[in-house]
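The structure appears right after this line, and notes come after that.
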Amino acid sequence: MQIEWFDVVDENGTVVGQATRAQCHNGSKFLHPVVHVHVFNSEGRLLLQKRKRTKDIQPGKWDTSVGGHIQSGEALEDAIRREVLEEIGIGVDPSQLQTIGRYVFESEIEREYFYSYACTHDGPFRIQEEEIDEVRFLGMEEIDALIAAGVTTPNFNQEVVLLRKEKHE
């Protein structure tokens, strides 16, 4: 198994070092960069993915359309292209994405520096079966019900607030 390396960043997203995936997820709280892309369809419904039950973090929960770590030394735009293609099988032009925001999210075991974007695409999608059980377009009322039921990831819940500010509702 190949060791994954992530850049460690400061609160402004500036690289200050490197650490392995295991080090970033072991409670060290090394701040490391992540990209999220929210995919809406032409009807304004948001694509959510259900994480595999075998995932090390937030298994079986509903999450952002596309999300993943930026590898050490990888350009943000390359990470966006890679993650979107890997997870849902579509190509995107990062310059065409709408910026939702940047923020730091902290859980009990990690701290992540998020770059969050949105785009519109109606599919079809080819999901990464090793990481995703299913994807589904949902309206905001349906998403609110999932959040209330506690079956969404905490960072997705935070991003819903950002999406509402950007009027994706």
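What follows is calculated from the coordinates using simple rules that are stated; it is not laboratory data. The model shown is predicted, which means the values in this text are computed figures rather than measured ones. Cβ atoms come from the backbone with ideal geometry, glycine included; neighbour counts cover every protein chain shown.
So here's what we get for this one:
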read-out	value
Mean separation of Cα contacts under 8 Å, 6 or more apart, over the residue count of segment 7-143: relative contact order %	32
Cα radius of gyration and Dmax for segment 5-165 (Å)	14.9, 42
Lys pairs under 23 Å by Cα in the chain, provided they are eight or more residues apart or on distinct chains	4
Gain on full stretching of the segment that runs from Glu77 to Gln98 - 0.36 nm per residue minus C-alpha separation	6.3 nm
Lys, Arg +1 and Asp, Glu -1 on Cβ, resulting dipole of segment 122-169 about Cα centre, debye, nearest 20	260
Calculated FRET value between Asn41 and Gln18, using beta carbons and R₀ = 35 Å, to 0.05	0.40
Expected-Rg normalisation [2.2 N^0.38 Å, Cα atoms] applied to segment 84-169	1.16
Under Karplus coefficients 6.51, -1.76 and 1.60, residue-wise ³J(HN,Hα) of segment 112-125 in Hz, glycine/proline x	10, 9, 8, 10, 10, 9, 9, 8, 10, 7, 9, x, x, 10
Given charges at Cβ of Lys, Arg, Asp, Glu: the chain dipole, positive-most of Gly139, Leu47, Cys119	Gly139
Segment 34-84, Cα convex hull volume normalised per residue, Å³	79
